[in-house]
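Peer 1: The structure's right below; bear with me while I get my questions together.
The values are calculated or read from the model by the stated rules, or taken from the named source; none is laboratory data. A quick note: this is a predicted structure, and the numbers were derived from the prediction, not measured. Every residue, glycine among them, receives a Cβ derived from its backbone with ideal geometry; neighbour counts consider all protein chains shown.
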Amino acid sequence: MSFRILIGAVALSFLLTACGGESADEAAHAHEEGDDHAEAEAEEPRKGEHGGRLLEQDGITVELAIAEEGTPPKYRAWLYRDGTPLAPTTGTVEVRLKRLGNVPENHTLTAQTDGSLMAASIVGEPHSFDVEVIASVGGKDVRWAYPSYEGRTVIDAKIAQEAGIRVAAAAAGTIADEHEVQGLLTPVEGRIAKVSARFPGPVRQLNANVGDQVRAGQTLASIESNLSLTNYAISSPISGVVLARTASVGMVATEATPLFEVADLSSLWVDLHIFGADAQHILPGVPVTVTRMSDGVTAETTLERVLPGTATASQSTVARATIANADGLWRPGSAVKARITVEQQPAALVVPLAALQSFRDWDVVFVRVGDTYEIRPLELGKRDASQVEVRSGLKAGDRVVVEQSYVVKADIEKSGASHEH
């Protein structure tokens, strides 16, 4: 758990306690519907012989359950009069649901040969809704209504803000096939000049030091020729930076010994090391983002070539790109990290990886409607370093918790909203 998440969870717990020791869900129900209703909701419903909730009125009983064994979740019911089981053909049952955001969902149950009634429609997850059951048994109409929530909590907007909970709308995006690699900056071949004496003789004057910016034609040193005993100047053949200087006043310069090394560092090669099968997967022409280790500054470029050989020490393949170095802060010899984007695929819906949490055996996000937060189990697709494709479980525009999702999960687990079958 990160320090920020821990602080957020502690802050939310403290804030909820300060509001009177209740969870946000309990406080909201008590305020909106009264203490009696809150106490009734907390009571466990009576269960029938099939494990379903017993709904009783005027001698008529409907046992209602969500069947999941051997079938996708569907409503199933059994009918009784004065405790005596009835044939399913003696009545009808309809279950009307209101999901978070007042989204309606109706299920009509029909008679089955095993003595029950069952809906043909599937009850999607989460099983969290306000339930209305309408039954007609032997010509008598009865009705029940009750809340059945799971994975849901209420957090006041001010408390959520202080806990750092932030939401964003789920929307279309792009999933990138990316590879994180490391590399080394080197001067571009052909842009380094080694400057030597034209005639042997002692060095009489030096005009440049290591690190100096020099222009093409600028004098670097003065040497006295042993042949003519006159001084002559040696100059830089290119504009660039003095990388090395071996010359010192009084030393005897020869044509064979370079006195200065000057490099044009306005652009640099980035040699990236690629391992294993990635060498066949990564091809020239793909985008590369290079990050400077010292300060996190990035540069966008394109992979130019994958070198044919293998680096002896690391047994890696070298892929090369070029970056601009106008500020001179990219330094030859420095290690860098880079992200190579091999492919980008559009996705109809994506969420940040930070939004994901686990709930039971699901990958979930938390959707906010008003001050209410509720799980959304997801079917996930491809992912990259920052986000993941959502194949089902969300719709575009749903307000998803993208920061401090762990805090919401902790409050839901504390409220103990159950999964009713």
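Peer 1: Out of curiosity, is A299 in the same structural domain as I274 (by TED's automatic domain parsing) and assigned to a strand (DSSP E or B)?
Peer 2: Working: in the same structural domain as I274 (by TED's automatic domain parsing): yes; assigned to a strand (DSSP E or B): yes.
Taking the combined requirement at face value, the residue satisfies it.
Peer 1: Take the conditions in contact with a helix residue (DSSP H, G or I) (Cβ under 7 Å, 6 or more places away or on another chain) and either within 30 Å of R152 (Cβ to Cβ) or touching a residue at least 24 places away in the same chain (Cβ under 8 Å) (or both) and apply them to Q357. Does it pass?
Peer 2: Judged against the criteria, Q357 is a match.
Peer 1: Counting only residues that are touching a residue at least 24 places away in the same chain (Cβ under 8 Å) and either of a type in the set (V, I, T) or assigned to a strand (DSSP E or B) (or both), how many does segment 367-379 have?
Peer 2: Residues meeting the conditions: 9.
Peer 1: Would you say H179 is modelled with pLDDT under 95, within 30 Å of Q345 (Cα to Cα), surrounded by 15 or more Cβ atoms within 10 Å (Cβ to Cβ) and touching a Gly at 6+ places or on another chain (Cβ under 9 Å)?
Peer 2: Details: modelled with pLDDT under 95: yes; within 30 Å of Q345 (Cα to Cα): yes; surrounded by 15 or more Cβ atoms within 10 Å (Cβ to Cβ): yes; touching a Gly at 6+ places or on another chain (Cβ under 9 Å): no.
Considered against the rule, which asks whether it is modelled with pLDDT under 95, within 30 Å of Q345 (Cα to Cα), surrounded by 15 or more Cβ atoms within 10 Å (Cβ to Cβ) and touching a Gly at 6+ places or on another chain (Cβ under 9 Å), H179 comes out as no.
Peer 1: Pick from segment 106-133 the residues that are hydrophobic (A, V, I, L, M, F, W, C) and surrounded by fewer than 16 Cβ atoms within 10 Å (Cβ to Cβ): which of them is nearest to D361 (Cα to Cα)? Steps first, please.
Peer 2: Going residue by residue through segment 106-133, those that are hydrophobic (A, V, I, L, M, F, W, C) are 109, 111, 117-120, 122-123, 129, 131, 133.
With the extra rule that they be surrounded by fewer than 16 Cβ atoms within 10 Å (Cβ to Cβ), the set shrinks to 120, 122.
Values: A120: 25, I122: 19 Å.
My answer is I122.
Peer 1: Quick check on my filter: what residues within segment 79-105 are under 30 Å from F366 (Cα atoms) and charged (D, E, K, R)? Before the answer, list the steps.
Peer 2: Step one: filter segment 79-105 for residues under 30 Å from F366 (Cα atoms), giving 94-105.
The answer is E94, R96, K98, R99, E105.
Peer 1: Examine segment 239-258 for a residue that is farther than 30 Å from A385 by Cα, hydroxyl-bearing (S, T, Y), in contact (Cβ under 8 Å) with a residue 60 or more places away in the chain and not in a strand (DSSP E or B), and state whether such a residue exists.
Peer 2: Step one: filter segment 239-258 for residues farther than 30 Å from A385 by Cα, giving 239-258.
Right, trim to hydroxyl-bearing (S, T, Y) and you get 239, 246, 248, 254, 257.
So of that shortlist, the ones also in contact (Cβ under 8 Å) with a residue 60 or more places away in the chain come out as 257.
Checking the rest, the ones that are also not in a strand (DSSP E or B) come to 257.
Scanning segment 239-258 turns up at least one residue that is farther than 30 Å from A385 by Cα, hydroxyl-bearing (S, T, Y), in contact (Cβ under 8 Å) with a residue 60 or more places away in the chain and not in a strand (DSSP E or B).
Peer 1: Also, quick follow-up: Scan segment 188-201 residue by residue and report those that are touching a residue at least 12 places away in the same chain (Cβ under 8 Å), surrounded by fewer than 14 Cβ atoms within 10 Å (Cβ to Cβ) and not basic (K, R).
Peer 2: Within segment 188-201, E189 is the sole residue that qualifies.
Peer 1: Turning to a different aspect of this structure: Can you name the condition, by its number, that K98 falls short on among (1) farther than 30 Å from G370 by Cβ; (2) modelled with pLDDT of 95 or more?
Peer 2: (1)
Peer 1: Can you spot a residue in segment 408-419 that is closer than 28 Å to L100 by Cα, modelled with pLDDT under 95 and either part of a strand (DSSP E or B) or in contact with a His (Cβ under 8 Å, 6 or more places away or on another chain) (or both)?
Peer 2: yes
Residues checked against (1) surrounded by 15 or more Cβ atoms within 10 Å (Cβ to Cβ); (2) under 30 Å from V214 (Cβ atoms); (3) modelled with pLDDT under 90; (4) aromatic (F, W, Y):
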| residue | (1), (2), (3), (4) |
| --- | --- |
| F260 | yes, yes, no, yes |
| D278 | yes, no, yes, no |
| P284 | no, no, no, no |
| T310 | no, no, yes, no |
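Peer 1: Give the residue, chosen from A347, A311, A410, A324, that is of a type outside the set (F, W, Y) and within 30 Å of G52 (Cα to Cα).
Peer 2: Values: A347 fails: within 30 Å of G52 (Cα to Cα); A311 fails: within 30 Å of G52 (Cα to Cα); A324 fails: within 30 Å of G52 (Cα to Cα).
The conditions single out A410.
Peer 1: Cβ-Cβ distance below 8 Å, separation of 6 or more or different chains: which pairs start in segment 75-99 with a residue that is assigned by TED's automatic domain parsing to the domain that holds I60 and under 12 Å from E132 (Cα atoms) and end on one that is assigned to a helix (DSSP H, G or I) and acidic (D, E)?
Peer 2: Taking only residues 6 or more apart or on different chains, not a single pair turns up.
Peer 1: Considering only segment 63-73, state which residues are touching a residue at least 40 places away in the same chain (Cβ under 8 Å) and in contact with an Asp or Glu (Cβ under 8 Å, 6 or more places away or on another chain). First the steps, then the outcome.
Peer 2: Step one: list which residues in segment 63-73 are touching a residue at least 40 places away in the same chain (Cβ under 8 Å), which gives 64-68, 72-73.
Within segment 63-73, I66, P73 meet the criteria.
Peer 1: Right, V364: in contact (Cβ under 8 Å) with a residue 60 or more places away in the chain, closer than 29 Å to F275 by Cβ, of a type outside the set (S, T, Y) and outside any helix (DSSP H, G or I) or not?
Peer 2: So V364 fails the test.
Peer 1: Go through segment 331-344 and give me each residue that's within 24 Å of F275 (Cβ to Cβ), out of contact with any helix residue (DSSP H, G or I) (no Cβ under 8 Å at 6 or more places or on another chain) and surrounded by 12 or more Cβ atoms within 10 Å (Cβ to Cβ). Walk me through it before giving the result.
Peer 2: Of the residues in segment 331-344, the ones within 24 Å of F275 (Cβ to Cβ) are 332-344.
Filter once more, so that each one left must be out of contact with any helix residue (DSSP H, G or I) (no Cβ under 8 Å at 6 or more places or on another chain): 332-341, 343-344.
Scanning segment 331-344 gives P332, S334, V336, K337, A338, R339, I340, T341, Q344.
Peer 1: Restricting attention to segment 53-72, does a residue exist that is basic (K, R), modelled with pLDDT of 50 or more and surrounded by 14 or more Cβ atoms within 10 Å (Cβ to Cβ)?
Peer 2: Initially, segment 53-72 is screened for residues basic (K, R), giving 53.
Of the ones still in play, those that are also modelled with pLDDT of 50 or more are 53.
Right, trim to surrounded by 14 or more Cβ atoms within 10 Å (Cβ to Cβ) and you get 53.
So far as segment 53-72 goes, yes, one or more of its residues are basic (K, R), modelled with pLDDT of 50 or more and surrounded by 14 or more Cβ atoms within 10 Å (Cβ to Cβ).
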